[in-house]
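What follows is a single structure, written as structure tokens, with notes after it.
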Amino acid sequence: MATITPKMVKDLREKTGAGMMDCKKALAANDGDEQKAIDWLREKGIAKAAKKSGRVAAEGAVGAYVSGDRKVGVLFEFNCETDFAAKNDQFRSLQAKLMELIAKKNPKDIEALEKLTLDGKTVKEAVDEATATIGEKLSMRRFERYVTDGELTSYIHMGGKIGVLVDIIDGNDRLGKDVAMQIAASVPLAVDRAGVKADDLEHEKEVLRKQALEEGKPEKIIERMVEGRINKFYKEVCLLEQDFVKADPSEKKTVKDILGKAKVVRFARYQLGEGIEKKKDDFAAEVAAAAGVAK
């Protein structure tokens, strides 16, 4: 049986909005597994789906590059150890050069990127040199590269905390920015229902089934209820069905409504450090180790 710590309870509460006691019960019922605890709370009707943004973030910046003709674009997450280093001119300059290199050379992954040449040396050597100069470990985490017959638009929020790259046909710059801001704010999983992954859909249906059972609904109507409730799920995770964030609430416009004849082909959204556990230094342990004393 896992030990449930106050921090585990606090983290779960921040991600779900559920009460402290409910979070403690959920963790205890699921042997400390946070994701299972989130599902348990949802099944009990105590919490909504946790947002990915609740995860602990590493430092650095998400950056975007779009070519002058808006046909080639790159979204790139470049990590470091502190927010201070992320604002360093050398860090930002290197990130910009790397994005242009990705756009030009089209490496298939980070390993291939490391082997490319930048300013007379390999990218890996350039990043290692910057690590030594800045005094922090730098890491190229991930990138997305798009080439389109339509137009690409990027949006960077809060200096690199969130980045979006969106591919639109028959749109314009203003529409592209509006859609990119929508994606940054509302965290869709797909453009439309066809793009929702089968695993994500089945997981949601299973949670909704258990939720209906907890409510005491008869088994014979549960499937019908699930199908009805899954429409709400689609409205939350499908870009075209989301309420347009910039519209007057009384207008009740969806993203599909504001697109007109334009079409969103695809999009990428990165949140800085998503899924990375940020290192927390144990100062007492460091002092004990330096003194040769076991903690």
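Every number here is computed from the coordinates shown, using simple stated rules; none is lab data. Quick caveat: nothing in here was measured; it's all calculated off a predicted structure. Every residue, glycine as well, gets a Cβ built from its backbone with ideal geometry; the counts of neighbours run over all protein chains shown.
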(request) Report ³J(HN,Hα) in whole Hz for each residue of the range 216-229, in order, from the Karplus equation J = 6.51 cos²θ - 1.76 cosθ + 1.60 where θ = phi - 60°; Gly and Pro get x. (result) x, 6, x, 4, 5, 10, 4, 4, 5, 5, 4, 4, x, 6
(request) Calculate one ³J(HN,Hα) per residue across the range 78-91 by plugging θ = phi - 60° into the Karplus curve 6.51 cos²θ - 1.76 cosθ + 1.60, and present them in order as whole Hz with x for glycine and proline. (result) 10, 9, 9, 8, 9, 5, 4, 5, 5, 8, 5, 4, 5, 4
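With a cap of 16 neighbouring Cβ atoms within 10 Å, and only residues DSSP puts in a loop, list the trypsin sites (Lys or Arg not before Pro) found in the range 182-258. Could you put the intermediate results ahead of the total?
Numbers: sites: ARG193, LYS197, LYS205, ARG209, LYS210, LYS220, ARG224, ARG229, LYS232, LYS235, LYS246, LYS252, LYS253, LYS256; in loops: LYS197, LYS246, LYS252, LYS253.
Of the trypsin sites (Lys or Arg not before Pro), the ones in loops of the range 182-258 whose Cβ has at most 16 other Cβ atoms within 10 Å are LYS197, LYS246, LYS252, LYS253.
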(message) Using 5 Å bins from zero, what percent of all Cα-Cα pairs in the chain falls into each bin?
(response) 1, 5, 9, 12, 13, 14, 13, 12, 9, 6, 3, 2, 1, 0
(request) Figure the gain on full extension for HIS157 and LYS205 (residue separation times 0.36 nm, minus the Cα-Cα span) and round it to one decimal in nm. (result) 14.0 nm
(request) Pick out, from CYS23, TYR270, ASN231, the residue whose Cα sits farthest towards the positive end of the charge dipole of the chain, with +1 on the Cβ of Lys and Arg and -1 on the Cβ of Asp and Glu. (result) ASN231
(request) Could you tell me, in Å, what Rg and Dmax come out for the Cα atoms of the range 1-50? (result) 9.1, 26
(message) Could you tell me how far the Cα centroid of the range 82-140 sits from the Cα centroid of the range 248-263, in Å?
(response) 39
(request) Set the Förster radius R0 to 30 Å, insert the Cβ-Cβ distance between GLU251 and THR148 as r into 1/(1 + (r/R0)^6), and round the FRET efficiency to 0.05. (result) 0.50
(request) Quick one: which residues, 5 or more positions from GLY60 or on another chain, have an amide H under 5 Å from its amide H? H modelled 1.01 Å from N in the peptide plane, none for Pro or chain starts. (result) CYS80, ALA86
(request) Pull up all non-local amide H partners of ALA190: gap of 5 or more, or a different chain, and H-to-H distance under 5 Å with H placed in the peptide plane. (result) LEU239
(message) For the range 100-152, compute Rg over Rh where Rg is the Cα radius of gyration and Rh is the Kirkwood radius from the inverse mean 1/r over Cα pairs.
(response) 1.05
(request) Using the Karplus curve 6.51 cos²θ - 1.76 cosθ + 1.60 with θ = phi - 60°, work out ³J(HN,Hα) for each residue of the range 200-213 in order, rounded to whole Hz, and write x for Gly and Pro. (result) 5, 5, 5, 4, 5, 4, 5, 4, 5, 4, 5, 4, 5, 4
(message) Within the range 140-182, list the residues whose amide N lies under 18 Å from a label point set 7 Å along Cα→Cβ of LYS263.
(response) 147-153, 166-172, 176
(message) If I model a spin label at GLU125 and ARG92 as a point 7 Å from the Cα along the Cα→Cβ vector, what separation in nanometres do I get?
(response) 2.8
(message) Less than 16 Å apart at the alpha-carbon level, and either on another chain or at least 8 residues along: which lysines does that give for LYS97?
(response) LYS87, LYS105, LYS115, LYS121, LYS124
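Which value, in debye to the nearest 20, describes the size of the charge dipole of the chain about its Cα centre when Lys and Arg Cβ atoms bear +1, Asp and Glu Cβ atoms bear -1, and nothing else is charged? Walk me through the numbers before you get to the answer.
Details: 54 positive and 52 negative charges, 110 e Å.
Dipole about the Cα centre, nearest 20: 520 debye.
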(message) Just want the answer: with Cβ charges of +1 for Lys and Arg and -1 for Asp and Glu, which residue in ALA47, ALA85, ALA184 is farthest toward the dipole's positive end in the chain?
(response) ALA47
(request) Taking the Cβ of GLY260 as the centre, find all other residues whose Cβ is under 13 Å away and add up their charges (Lys, Arg: +1; Asp, Glu: -1). (result) +2
